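Visitor: Please find one structure pasted underneath; my questions will follow.
The values are calculated or read from the model by the stated rules, or taken from the named source; none is laboratory data. Predicted, not measured: the structure shown is a model, and the values here were computed from it. Methodologically, a virtual Cβ is constructed for each residue, glycine included, from the backbone with ideal geometry; neighbour enumeration extends over all protein chains shown. Heads up: the accessible areas ignore ligands, DNA and RNA and are worked out on the full protein's heavy atoms, side chains in. Shrake-Rupley method; radii C 1.70, N 1.55, O 1.52, S 1.80 Å.
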Amino acid sequence: MGKIIAIANQKGGVGKTTTAVNLAASMAATKRKVLLIDLDPQGNATMGSGVDKYELAASAYELLVDEKPLSEVVVKETTGGYHLIGANSDVTAAEVRLMDVFARELRLKNALKAYKSSYDFIFIDCPPSLNMLTVNAMAAADSVLVPMQCEYFALEGLTALVETINKLAAVINGDLKIEGILRTMYDPRNRLANDVSEQLKQHFGDKVYRAVIPRNVRLAEAPSFGTPVMYYDKSSTGAKAYLALAGEILRRSEKKSSTAAHLTS
């Protein structure tokens with residue numbers, strides 16, 4: 001059964017879309033079947049996957065509002081080797097349309113139900129706000145991966161996000177939990193970044209990934225070429241960091257699976 005991970009942070013500019021695209025590509029490179037869902041109306045994850053958001057035949061809008069089956073909405077050819085449900089400005093209208101729909105927060109969960117077993121991982125790139133699209137992602141997800149910069153105000157934002165996740169878990173998805181916290185745009189020469197990093201480890205323990213995403217020019221350049229960084233410059237520190245993150249997530253998943261199997265045997 002596939003694992004659904006929402007990539008979310010209410011704060012913008014923390015490397016959320018960069019993480020969604022490059023983690024999906026890194027997982028696909030390990031021969032896993034991966035689906036990336038772009039729920040951000042800006043469509044940056046779509047463009048970063050080598051798909052023109054202006055040329056999309058169908059987007060997340062058709063999946064959520066028109067209830068088209070995933071097989072009719074998915075794009076199978078991307079530069080990252082994963083499947084994609086794209087987004088464009090139409091997705092902004094989806095939020096408005098969903099307001100009048102019964103069980104509107106469960107639209108994505110219901111849409112993925114029949115297809116979850118077809119993928120090893122489904123990643124959802126959430127908008128940088130807590131709106132109906134993000135709530136749909138949280139309702140459908142098994143867990144939430146939180147990318148964040150090691151800055152003072154980021155800690156405050158993380159506290160608010162954890163509270164939101166706990167509230168949503170209580171109301172719409174009892175199984176929702178934090179998958180992990182990813183330090184992005186990290187500069188080890190920055191004393192504040194190191195201090196915040198230590199506070200994160202003290203508070204969240206092993207929820208903080210060992211893999212750290214550095215500030216990296218290649219990582220910033222890759223989206224303008226419509227490709228994940230590992231296919232733009234595989235020797236870059238950014239590419240290596242996301243491959244390390246994929247490896248860490250796989251090891252954690254395998255460890256949980258073997259522990260669960262041991263407990264049930």
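Visitor: Straight-line reach from residue 177: which aspartates and glutamates have a Cα under 13 Å away, not including same-chain ones fewer than 8 places off?
Guide: 142, 163
Visitor: Here's something else I'd like to know. What FRET efficiency comes out for the pair residue 201/residue 77, r = Cβ-Cβ distance, R0 = 35 Å, nearest 0.05? Numbers along the way, then the final one.
Guide: Working: r = 40 Å, r/R0 = 1.15.
The pair residue 201/residue 77 has a calculated efficiency of 0.30.
Visitor: Search the structure for amide H atoms under 5 Å from the amide H of residue 211, placed 1.01 Å from N in the peptide plane, and list their residues when 5 or more places away or on another chain.
Guide: Answer set, sorted by chain and number: none.
Visitor: Label region 117-265 by shape, choosing from rounded, prolate and oblate, from the square roots a ≥ b ≥ c of the eigenvalues of the Cα gyration tensor; if a/c is under 1.5 it is rounded, and otherwise prolate applies when a/b is larger than b/c, oblate when it is not.
Guide: Numbers: a/c = 1.42, a/b = 1.25, b/c = 1.14.
Rounded shape, in that the Cα axes give a/c under 1.5.
Visitor: Of all beta bridges DSSP finds with both residues in the chain, what is the antiparallel percent, to the nearest 5? Please list the in-between numbers first.
Guide: On the way: 1 of 27 bridges.
Among the beta bridges of the chain, antiparallel pairing accounts for roughly 5 percent.
Visitor: Okay, moving on. Name the GluC sites (Glu not before Pro) in region 64-132 that are in a loop by DSSP and that have at most 14 other C-beta atoms within 10 Å, would you? Please report the intermediate quantities before stating the final value.
Guide: Details: sites: 67, 72, 77, 95, 105; in loops: 67, 77.
Those satisfying the criteria are 67, 77.
Visitor: If amide H atoms are built 1.01 Å from N in the plane of the peptide, which residues on other chains or at least 5 residues away come under 5 Å of the amide H of residue 85?
Guide: Under 5 Å from the amide H of residue 85 lie the amide H atoms of 36, 37, 38, 75, each far enough along the sequence or on another chain.
Visitor: Another question, if that's okay. Which residues among region 196-210 fall inside the zone where the amide N is under 12 Å from a point 7 Å beyond the Cα of residue 163, along Cα→Cβ?
Guide: none
Visitor: From the protein chains alone at 1.4 Å, what is the descending order of accessible area for 256, 207, largest first?
Guide: On the way: 256 95, 207 65 Å².
Accessible-area ranking of 256, 207, largest first: 256, 207.
Visitor: Just one of (1) 0.95; (2) 1.11; (3) 1.02 is Cα Rg over 2.2 N^0.38 Å as worked out from the coordinates here. Which one is it?
Guide: Derived directly from the coordinates: (1).
Visitor: Once each part is reduced to its C-alpha centroid, what is the distance from region 15-62 to region 73-120 in angstrom?
Guide: Result: 11 Å between the Cα centres.
Visitor: What ³J(HN,Hα) values, in whole Hz, does the Karplus curve 6.51 cos²θ - 1.76 cosθ + 1.60 give for region 26-31 when θ = phi - 60°, with x put for Gly and Pro?
Guide: Couplings: 5, 5, 5, 5, 8, 6 Hz.
Visitor: Would you mind checking the pairs 109/167; 3/255; 68/167; 31/113 and listing those with alpha carbons more than 20 angstrom apart?
Guide: The pairs that break the limit, which is 20 Å between Cα atoms, are 68/167; 31/113.
Visitor: Something else: Please list, in order along region 75-90, the HN-Hα scalar couplings obtained from phi with the Karplus expression 6.51 cos²θ - 1.76 cosθ + 1.60 (θ = phi - 60°), rounded to whole Hz, x for Gly and Pro.
Guide: 9, 9, 10, 10, 6, x, x, 10, 7, 9, 10, x, 9, 8, 4, 4
Visitor: Ok, one more. Mind running the shape call on region 1-158? Use the C-alpha gyration tensor, a ≥ b ≥ c as the square roots of the eigenvalues: rounded below 1.5 for a/c, prolate if a/b tops b/c, oblate otherwise.
Guide: On the way: a/c = 1.38, a/b = 1.09, b/c = 1.27.
It is rounded, given that a/c, with a ≥ b ≥ c, falls under 1.5.
Visitor: So what is the calculated 222 nm ellipticity per residue for the chain, using -39500 (n - 2.57) for each DSSP H run with n of 4 or more, over all residues, to the nearest 500 deg cm²/dmol? Can you show the working numbers first?
Guide: On the way: 12 runs with 124 residues, N = 265.
After summing the helix terms and dividing by residue count, I get -14000 deg cm²/dmol.
Visitor: I would also like to ask the following. Round to the nearest 10 and report in Å² the accessible area of residue 203, as given by a 1.4 Å probe over the protein chains' heavy atoms.
Guide: Surface open to solvent at residue 203 totals about 140 Å².
Visitor: Further question: Is there a quick way to get the dipole size of region 61-205? I mean about its Cα centre, with the Cβ of Lys and Arg at +1 and of Asp and Glu at -1; what is the value in debye to the nearest 20?
Guide: In debye, rounded to 20, region 61-205 gives about 240.
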